[in-house]
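Enquirer: The following block contains the structure, expressed as structure tokens.
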Amino acid sequence: MYHIQHEIILRTQGDRMRDKENTKALWTRPFLFLIIVSLLTTMGFNMVYVMISNYAMAINGSLAIAGIIAGIFSISALLVRPLAGMSVDRFNKKHLCIIANILIGVAALGYALSDQIPMLFFFRVLHGVAFGLSSTTNIALVTEYIPKERMGEGIGYYGIGQVISQIIGPNLGVYIADSFGFQPMFLIITLLSFIAAVMLLFLPYSQERSNQNDKKIKITINSLIAKEVIVYSIIGGMFSFSNGIVSSFLILLGKERQIANVGLFFSVGAIVLFGMRIFIGRVIDKQGLTLVVNISLIITAVSMMMIGVAPVLSWLIIASVLKSMGQGSGQISLQTECIKRVDASRVGVATSTFYIGADIGQGLGPIIGGKITDCFNYMVMYFTCAALIIGAMIVFNLYQNKTKSKSVSVC
């Protein structure tokens, strides 16, 4: 009898230990599932964004109209972010992800059928809305499968699918469109989106209804914006601000300075970003937010100054490595902190608030950069960007010291 009881006790203790280990496991089947879904979703986005302007002009749109068609996507995604965040916190995240991927597939199919600008404009807006919902929901959903103490590491690994799509997607989109036409490219994107939606049907997920879900839905500032992470959203937006400037003006800078093969800047950057995603999460979880973000902002500012004075391609390649290191560590750490700063019922609105900063930064970068370049030159533009990043670092440290002082006084 004693041996039986002793064996039962040992088994119970073993089960508890295994349960404890499982709660800390990161590479679970649902987590891998969501990485693949993210890869499929962002692959379509990266295939489209390099070709949509060409397609608009191919169906008799002017250059100005093509620019509007390209830009309305980001505006649509930005406008839907607050509502997406609120919806994520109130409704079933898995169902929202499925709906978003279906809508992305419908938008891509609409691209293939569009033979007039108004029709293309409509489906471009739909794509922006669906992508805004998808990106917000995906992050909120994947955090439910990441142990809290490994959140930075988990979000870093989760972004691997997005980085792979950045490396492959643009070139794949150009190849398919040039070799087979625009319609086959759009149909492939439709297929990828529907595959992602079907995969999500098999994702094991059960959402406990919170008290908030049982209440009548009220739209308030707190339900749309996570005020406690606004500063982190602004700082994260500075990385996107630099992205917008580099993406819009680097090729033109290369032509002006007669630097060949400038496209290598983006290829090298994507590879470095991929490498950063693999290990930076562990660094974030161990070293903390303040140190990582400060180093990231300094490195990014240096990369902007290097681009501003770059006389040859090698300078741009070094700047690309530095920029990707800064962005890869800075944005992940800030996004992770946004999620940690709120309770589980507000992960959606925290995620959308962070992305709002990124959307605004990505949009303002080319506008402000273009104005500065018109008045001065590319060097002044990139040095101004570096100065703004240093300014953001000062704001970040003031905020960190303020919040630290508050926590100490409370204790």
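Enquirer: If you check every pair at least six apart or on different chains, which have Cβ atoms under 9 Å apart with a residue in the range 364-384 that is in contact (Cβ under 8 Å) with a residue 12 or more places away in the chain and within 19 Å of Asn243 (Cβ to Cβ) first and a residue that is of a type in the set (Asp, Glu) and part of a helix (DSSP H, G or I) second?
Expert: Once the first residue is in contact (Cβ under 8 Å) with a residue 12 or more places away in the chain and within 19 Å of Asn243 (Cβ to Cβ) and sits in the range 364-384, its partners that are of a type in the set (Asp, Glu) and part of a helix (DSSP H, G or I) give Tyr378/Glu256.
Enquirer: Consider Ile251 carefully, then state whether it is under 16 Å from Leu322 (Cβ atoms), assigned by TED's automatic domain parsing to the domain that holds Leu388, more than 19 Å from the chain's Cα centre (by Cα) and in a helix (DSSP H, G or I). Steps first, answer last, please.
Expert: Details: under 16 Å from Leu322 (Cβ atoms): no; assigned by TED's automatic domain parsing to the domain that holds Leu388: yes; more than 19 Å from the chain's Cα centre (by Cα): yes; in a helix (DSSP H, G or I): yes.
Here the answer is no, as Ile251 does not meet what is asked.
Enquirer: Among the residues of the range 294-344, which ones are acidic (Asp, Glu) and within 18 Å of Ala392 (Cα to Cα)? It would help to see each step written out before you state the result.
Expert: Step one: filter the range 294-344 for residues acidic (Asp, Glu), giving 337, 343.
Matches in the range 294-344: Glu337 only.
Enquirer: May I pose another question? For the range 41-99, which positions are of a type in the set (S, T, N, Q) and either touching a His at 6+ places or on another chain (Cβ under 8 Å) or in a loop (DSSP other than H, G, I, E, B) (or both)?
Expert: Keep residues of the range 41-99 that are of a type in the set (S, T, N, Q), which gives 41-42, 46, 53-54, 60, 62, 74, 76, 87, 92.
Listed by number, the residues that qualify are Asn60, Ser62, Ser76, Asn92.
Enquirer: Follow-up question, since we're still on this one. If you check Ala84, Ala77, Ala70, Ala64, which single one turns out to be modelled with pLDDT under 80 and within 20 Å of the chain's Cα centre (by Cα)? Don't jump to the end; show me each part of the working.
Expert: Values: Ala84 fails: modelled with pLDDT under 80; Ala77 fails: modelled with pLDDT under 80; Ala64 fails: within 20 Å of the chain's Cα centre (by Cα).
When all the criteria are applied, what remains is Ala70.
Enquirer: Search the range 168-191 for residues that are farther than 19 Å from Leu39 by Cβ and pair each with any residue that is at pLDDT 90 or above and assigned to a helix (DSSP H, G or I) when their beta-carbon atoms are under 7 Å apart and the residues are at least 6 apart or on different chains.
Expert: Between residues of the range 168-191 that are farther than 19 Å from Leu39 by Cβ and residues that are at pLDDT 90 or above and assigned to a helix (DSSP H, G or I), the close pairs are Ala177/Met185; Gln183/Ala112; Pro184/Ile176.
Enquirer: Just to be sure before I move on: is Ile394 without any contact (Cβ under 8 Å) to a residue 12 or more places away in the chain and either more than 20 Å from Ile284 (Cα to Cα) or of a type in the set (A, V, I, L, M, F, W, C) (or both) in the structure I sent? Lay out the reasoning, then the answer.
Expert: Working: without any contact (Cβ under 8 Å) to a residue 12 or more places away in the chain: yes; either more than 20 Å from Ile284 (Cα to Cα) or of a type in the set (A, V, I, L, M, F, W, C) (or both): yes.
For Ile394, the condition - without any contact (Cβ under 8 Å) to a residue 12 or more places away in the chain and either more than 20 Å from Ile284 (Cα to Cα) or of a type in the set (A, V, I, L, M, F, W, C) (or both) - is met.
Enquirer: Shifting gears a bit: Let me spell it out: the conditions are (1) closer than 24 Å to Leu334 by Cα; (2) surrounded by fewer than 22 Cβ atoms within 10 Å (Cβ to Cβ); (3) not acidic (Asp, Glu), and Met86 meets all of them except one. Which number is the exception?
Expert: Failed condition: (2).
The values are calculated or read from the model by the stated rules, or taken from the named source; none is laboratory data. Since the structure is predicted, the reported quantities are computational estimates derived from the model, not experimental observations. Backbone-built Cβ (ideal geometry, glycine too); neighbour counts: all protein chains shown.
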